[in-house]
2 protein chains.
Amino acid sequence: MREVCVIGVGMIPFGRYSETWVEELGRKACEVAILDSGVRREEIQVAYCSHSFQGRVMGQRILKDLGLTGIPVINVENACAGGGTSFHQTWMAIAGGCYNVGIAIGVEKMTKGLIPSNIEDLDGLMGRTYPGRFAMMAQRHMYEYGTTKEQLALVSVKNHRNGSLNPYAHYQEPLSLEGVLNSRMVAEPLTLYQCCPVTDGAAAAVLCSKDIAKKYHDQPIEIAASIVTSGMYQSISKGFSSETELSKRAAEKAYESAGVDPEDIDIAELHDCFSIAELLHYEELGFCRFGESGKLIEEGTTCLDGRIPVNPSGGLLAKGHPMGATGIAQVVEIVWQLRGQAGKRQVENPKVGLTHCVGGATPGIGQGACSIHILKK
Amino acid sequence: MREVCVIGVGMIPFGRYSETWVEELGRKACEVAILDSGVRREEIQVAYCSHSFQGRVMGQRILKDLGLTGIPVINVENACAGGGTSFHQTWMAIAGGCYNVGIAIGVEKMTKGLIPSNIEDLDGLMGRTYPGRFAMMAQRHMYEYGTTKEQLALVSVKNHRNGSLNPYAHYQEPLSLEGVLNSRMVAEPLTLYQCCPVTDGAAAAVLCSKDIAKKYHDQPIEIAASIVTSGMYQSISKGFSSETELSKRAAEKAYESAGVDPEDIDIAELHDCFSIAELLHYEELGFCRFGESGKLIEEGTTCLDGRIPVNPSGGLLAKGHPMGATGIAQVVEIVWQLRGQAGKRQVENPKVGLTHCVGGATPGIGQGACSIHILKK
């Protein structure tokens, strides 16, 4: 298989766009990414578009507004990992030799109102909603490892601080530890500011085979690993360990595929849908040992000036989480960081970055899908 | 890129399953396809699942019920061409060298009630629904080429005759020409029996690289071409010519890719969502010249014993059209026909078969997606 690079990225400032058509959100992200890439529109040979709630043939509707028609457009869905999946499929279409240039699009208008999964969603019907599930994981982590409420809240403090430096983040105000801890309780111990907000957004990335990348952009970013996989069956009674299995296995595959170790990762965008999620992912991705994530955040290791800055963009907690767009927006941030274009939140000279999404929990499965990408300059 | 074969196919009898969970429909189709293929479940490395209205992470929910977890599962959507797209992506994942064995799944429970596309669907809001659109195309074809109401109705007569020989078809009763013409008028000239019914269904196909196919099945079917593409922008005022462009262009690519001509196709499953659609597709796919499709059906050329039997399964009109499942069910029928396993509707020794789906019309685009596959024994 061929090596593939990201040559262009773009996104709209995340936020609430209740008066704007979702097609327009997507179109703007694509326009920026295409302009950034240096490709002419007619050179784009294939498109993958991820979303979860926007109706039929979304990618075609976005691209039509760009005058970009007559190419294969494939719409993909993988819940919160949809954006990572769309990026993965674009990578595969080029790596496998089918196409030379493609665009990965992610879009979601969460303010539109979500369509419930389906009537067979026993978890939802029984009140095992996402805040409740993640609160149970947090309780378990506190019980098992002595993780504190303050350590959990520090994730939100860090990510909102990062978000305050990111003009693309939904929330750009820093939060104090007290502010996070004293915000409304959603599901003990997770307070409001430890839960990601309802955000609309769109992001896009233009990919091409490595051999032609320099023709378009003088700083192509290599895709050293692109992994999508799904959870193993586990008893529904198992709490947070189900999380662990999927992201851990995906990360091991990604490190092997890229030929790197967790220690080689200079910067990462992780799936911090709740504060506890970021801590769990530190452990699953090998950034620290199991049980030591509370210490990692407390010591500032994952802050912008730490050893491995995590969620420099503000993450899902501050930047927002428009489901289908999130995985691509993570790539946008890492590409900007690797190029040195991240403005006030720029990390010092990162060389290897990682993006990670996970989502789509279903009864009896830990999580439906996980995507991990390792990008190198 | 590598050559890829279909080694196993399966589907459930199409019909109405309002009391059955959609996951169960999908699971049954997968079980049959996997058994037919000769692969062990744990040898399946990747899955693509198509549907349009069934909620999040559908493929994961189906495969969990099979105990098949921990592999990459990607959900795809491309409206009526979703099944063909899921098959295409599975082909690409193997052809490109990412995986050796994969399963393409298509499922739809249409009786569940459809979710409207979106509030921005101007066509729908203005009454330009599918029956209305296709009726306009039929009127235009009659005006331009002198096609008759009887010729249109003959498509339904043929397909319901084929369906009466197919235990997997939703409707298994033959219809007379008078029966079709005298059924309730939906949109002049299309009567009720010239419109595809509301049908639930699921279908699956197991694919692998050609070099290992014989290990699993003694009659592997080669995928000589796999094409997915989308429509070109056209003025909304252009009637049926928008149809023509997409399927015609996709067919030309498919013939070129497979190195065959339309004359080499021995059997085909086409997207006959309405009687007029089948006639238009004869012309777009090169089975006859433009304007001559009425004559083609009248002369019996596309009947089971004709020169090029079309929709031997009964097609969308008699077998039914569960959106995400249709494209894979077409492959199932062609594989059965090429293997000589099609029972009472078996065509005499076909060697090259074609499947064709098209759908997802959006304002200003002819159609959102079209998939064409050419299969060879």
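The values are calculated or read from the model by the stated rules, or taken from the named source; none is laboratory data. Bear in mind that the values here come from a model prediction, so they are computed numbers and not experimental data. When we count neighbours, we look across all protein chains shown, and the Cβ atoms used for this are built from the backbone with ideal geometry, even at glycine.
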Check off (1) surrounded by fewer than 24 Cβ atoms within 10 Å (Cβ to Cβ); (2) within 28 Å of B:Arg2 (Cα to Cα); (3) more than 9 Å from chain A (Cβ to nearest Cβ) for B:Ile71 and give me the number that stays unchecked. (3)
For segment A:310-332, state whether one or more residues are of a type in the set (Lys, Arg), free of Cβ contacts under 8 Å to residues at least 60 places away in the same chain and closer than 24 Å to A:Ser293 by Cα. no
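Would you please name the residue that is nearest to the chain's Cα centre (by Cα), looking only at residues in segment B:65-78 that are in contact (Cβ under 8 Å) with a residue 40 or more places away in the chain and not in a loop (DSSP other than H, G, I, E, B)? Talk me through it step by step, then tell me what you get.
We begin by selecting, within segment B:65-78, every residue in contact (Cβ under 8 Å) with a residue 40 or more places away in the chain; these are B:65, B:77-78.
Filter once more, so that each one left must be not in a loop (DSSP other than H, G, I, E, B): B:77-78.
Working: B:Glu77: 14, B:Asn78: 12 Å.
Across segment B:65-78, the extreme among qualifying residues is B:Asn78.
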Find all pairs meeting these conditions: Cβ atoms under 8 angstrom apart; at least six residues apart or on different chains; first residue within segment A:79-95 and more than 9 Å from chain B (Cβ to nearest Cβ) and farther than 21 Å from A:His321 by Cα; second residue aromatic (Phe, Trp, Tyr) and in a strand (DSSP E or B). A:Thr90/A:Tyr48
Could you tell me how many of the residues in segment A:38-54 are touching a strand residue (DSSP E or B) at 6+ places or on another chain (Cβ under 9 Å) and part of a loop (DSSP other than H, G, I, E, B)? 8
Looking at segment B:16-28, can you tell me whether even one residue there is buried (at least 24 other Cβ atoms within 10 Å of the Cβ) and not in a helix (DSSP H, G or I)? no
Looking only at segment B:1-15, filter to residues that are in a loop (DSSP other than H, G, I, E, B) and of a type in the set (A, V, I, L, M); which one of those is nearest to the other protein chains (Cβ to nearest Cβ)? B:Met1
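If you check A:Gln54 against the conditions, is it facing chain B (nearest Cβ under 9 Å), surrounded by 24 or more Cβ atoms within 10 Å (Cβ to Cβ), free of Cβ contacts under 8 Å to residues at least 24 places away in the same chain and touching a Gly at 6+ places or on another chain (Cβ under 9 Å)? Break it down into steps so the answer makes sense when it comes.
Values: facing chain B (nearest Cβ under 9 Å): yes; surrounded by 24 or more Cβ atoms within 10 Å (Cβ to Cβ): yes; free of Cβ contacts under 8 Å to residues at least 24 places away in the same chain: no; touching a Gly at 6+ places or on another chain (Cβ under 9 Å): yes.
Against the criterion (facing chain B (nearest Cβ under 9 Å), surrounded by 24 or more Cβ atoms within 10 Å (Cβ to Cβ), free of Cβ contacts under 8 Å to residues at least 24 places away in the same chain and touching a Gly at 6+ places or on another chain (Cβ under 9 Å)), A:Gln54 does not qualify.
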Within segment B:231-282, residues at pLDDT below 95 and touching a Gly at 6+ places or on another chain (Cβ under 7 Å) come out as B:Gly231, B:Met232, B:Tyr233, B:Gln234, B:Ile236, B:Ser242, B:Glu243, B:Glu245, B:Leu246
If I filter segment B:96-113 down to residues being in a loop (DSSP other than H, G, I, E, B) and more than 8 Å from chain A (Cβ to nearest Cβ), which single residue comes out as surrounded by the most Cβ atoms within 10 Å (Cβ to Cβ)? B:Tyr99
Regarding segment B:186-195, can at least one residue be identified that is under 17 Å from the mean Cα position of the chain (by Cα), in a strand (DSSP E or B), among the small types (Gly, Ala, Ser) and more than 14 Å from chain A (Cβ to nearest Cβ)? no
Subset of segment B:17-70, residues at pLDDT below 95 and β-branched (Val, Ile, Thr), comes to B:Thr20, B:Val22, B:Val57, B:Ile62, B:Thr69
If you check A:Asp218 against the conditions, is it modelled with pLDDT of 95 or more and within 14 Å of A:Leu375 (Cα to Cα)? no
